[in-house]
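Participant: Questions regarding the structure given below will be posed in turn.
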Amino acid sequence: MSGSIDKSAAEAASKKAVPRGYCPYLGLRREPSSIFLEPTEDHRCHAGGGREEIAADHQAAFCLTPAFESCPRFVTPPAEAHSPAGERPASGLAADLEPLADAGEARRVPPLRREPWHKGLLGGNPGVVLSIALTALILAGGIYMFLKGPLAAGSSPAGAVLLLQTPSPSPTATSTVLPAALATGVSPTSTPLPASPTPPTPTATLGPGQRIVVLTPASQSVGWVSSGDRVNHFGDRNLHAGVFQGQTYHGAMQFILASIPVGSKIDQAAVELVGLSGENLENGGRWSLRLLGPEVDENWSSATYDLIHNATVVDTIPPELGPQELAAGRVNVFTFTPGQRAELEQRLGTARLSVRLDGPTEGGDNLFTWDTGYGGGRPGRPVLRVIYQAPPTPTPFVITVTPSPADVIAAAALAATATYEATVVGTPTPLPENVVTATPPVVVTNTPTPENVATAERMAAEGTARAFLYGTPTLLPSNVWTATPGPAEPESPGPSDGA
């Protein structure tokens, strides 16, 4: 039983293509044939047949650098001189290793980028840093000895200053190592980092009344789907698009537009993506960004491959890209056309915009990966940059109380007019119950006696108008008393002046 475990572990180790400059005995605890490119507590030292834990600083100083041979634990493989480059001898594995997962059960996904940001600086090699420091020290000493004689003889002018410039080392490119359990027999090609990063997008100059908003998708709204998986991979580091091992991959993301007021005029809009990996990129093929219909916006975080792949494509946001326009670290900008900006204005009502990345769907492996900005590493999240003009402030509607008619006859005339309008135009929509209209208080006064015929006729007309408006008034009950003012007392004459 022990021998079979040794054999399977050794075969798995022999399939691992360890890049030059990394210890061949470095591996994961459960997968000795896989490593990461940065120190991690999952790394184990398998030299001498054990699975010994390794401190993070020891990994950075020896295991993950070309100085691994100076590690006190390192044992030169006996068959190294005769074995192919990159193979690990079977004798270096312990007999008590746990059985590796069956290669047939391994998940077939494209290579993942796990390259930390500091690996590009001198390869993380302390020996290179020490060599550069010694070279600079020797150079400074030589210049000092050369100038010592003239300065002592007084030939150098007073106040002369010597400027020494230490040359800056050029960053070296590092390759990405793909775990063998994920590669399923595929040998990926290493993708060096670009020598000079793509310059950032310049800040747009805003005109009068213009505003700018920069939107990024949430982690649960950006990722990739595959024809070989039932669920999406939102929240992953990668935005795959293309074909790999017979499966079709789509990158997908959704932007929330709630920060742009409804009714705004979109002047400019563009989606910006940062390239992450071109390890599976081949010659030929086209990559494009599709604007999807609004029917896929709901429940986007749980969208499947079938839903995204079969979604209605409203338009393609230009440009379409070829392999020569795709590279790690390069920013690709997709700019909305006027018609697409009008569609974006319509989406402000639903406050969502979903897009899909398409690549080749036929032929051999041809896949490119953009960065989601999630999952660690360098920040490179997708960006939707929108310049818009907010809608003008609408004129407020002021509801005032309808003035009361001057008298009952005017009220009767208004009522007759309202009856006519209801017959010709229709009954107006009543105000809702929560609308309160201030009404002046009703004052009940004693009905005065008319002083002449004209006043009596006026009072009769008012009575007819009240009957038309309110109906025949209800008679007061017999027990109601009405206060009537008494007659005024005559003034008593005062004493006469002559009295």
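Just so it is clear, none of the values below were taken in a lab; they were calculated from the coordinates. Computed from a predicted model, the values in this text were never measured in an experiment. Using ideal geometry, Cβ is built from the backbone for each residue, glycine included, and neighbour counts are taken over all protein chains shown.
Participant: Just need the relative contact order of the stretch 196-340 here, percent rounded to a whole number, with Cα pairs under 8 Å and 6+ apart.
Facilitator: Over the stretch 196-340, the number comes to 25 percent.
Participant: Right, here's the next one. So, by mean Cβ neighbours within 10 angstrom, what's the order for 468-476, 230-238, 31-39 with the highest one leading?
Facilitator: For the peptides 468-476, 230-238, 31-39, the packing ranking is 31-39, 230-238, 468-476.
Participant: While we're looking at this one, here's another question. Name the residues whose placed amide hydrogens come within less than 5 Å of the amide hydrogen of residue 314, ignoring near sequence neighbours (fewer than 5 apart) on the same chain.
Facilitator: HN-HN under 5 Å from residue 314: 291, 292, 293.
Participant: Would you grab the residues whose amide H sits under 5 Å from the one on residue 278? Only those 5+ places off in sequence or on another chain, please, with H modelled 1.01 Å from N.
Facilitator: Placed amide hydrogens put 328 under 5 Å from residue 278.
Participant: So for the pair residue 461, residue 213, with labels modelled 7 Å out along Cα→Cβ, what separation do we get in nm?
Facilitator: Simple spin-label model gives 6.3 nm for this pair.
Participant: Tell me, what is the percent relative contact order of the stretch 218-266, built from C-alpha pairs under 8 Å that lie six or more residues apart? Let's see the in-between values first.
Facilitator: Working: 75 pairs, mean separation 17.7, N = 49.
Dividing the mean separation by the residue count of the stretch 218-266 yields 36 percent.
Participant: Let me ask something else. Report the extension gain between residue 70 and residue 256 in nm, rounded to one decimal, defined as 0.36 nm multiplied by the number of residues separating them, less their alpha carbon distance.
Facilitator: 61.6 nm
Participant: Can you give the extra length, in nm with one decimal, that the chain gains between residue 406 and residue 469 once fully stretched, where that is 0.36 nm per residue apart less the Cα-Cα distance?
Facilitator: 21.2 nm
Participant: Suppose we keep just the alpha-carbon trace of the stretch 209-389; what are its Rg and Dmax in angstrom?
Facilitator: 15.5, 51
Participant: Then there is this: If packing is taken as the mean number of other Cβ atoms within 10 Å per residue, what is the order of 324-336, 448-460, highest first? Write down the numbers at each step before the final one.
Facilitator: Numbers: 324-336: 17.5, 448-460: 10.5.
Listed from highest to lowest mean packing, they are 324-336, 448-460.
Participant: Given Cα positions, please report Rg to Rh for the stretch 267-325, the hydrodynamic radius being the Kirkwood one.
Facilitator: Working: Rg = 14.0 Å, Rh = 13.9 Å.
Radius of gyration relative to Kirkwood radius: 1.01.
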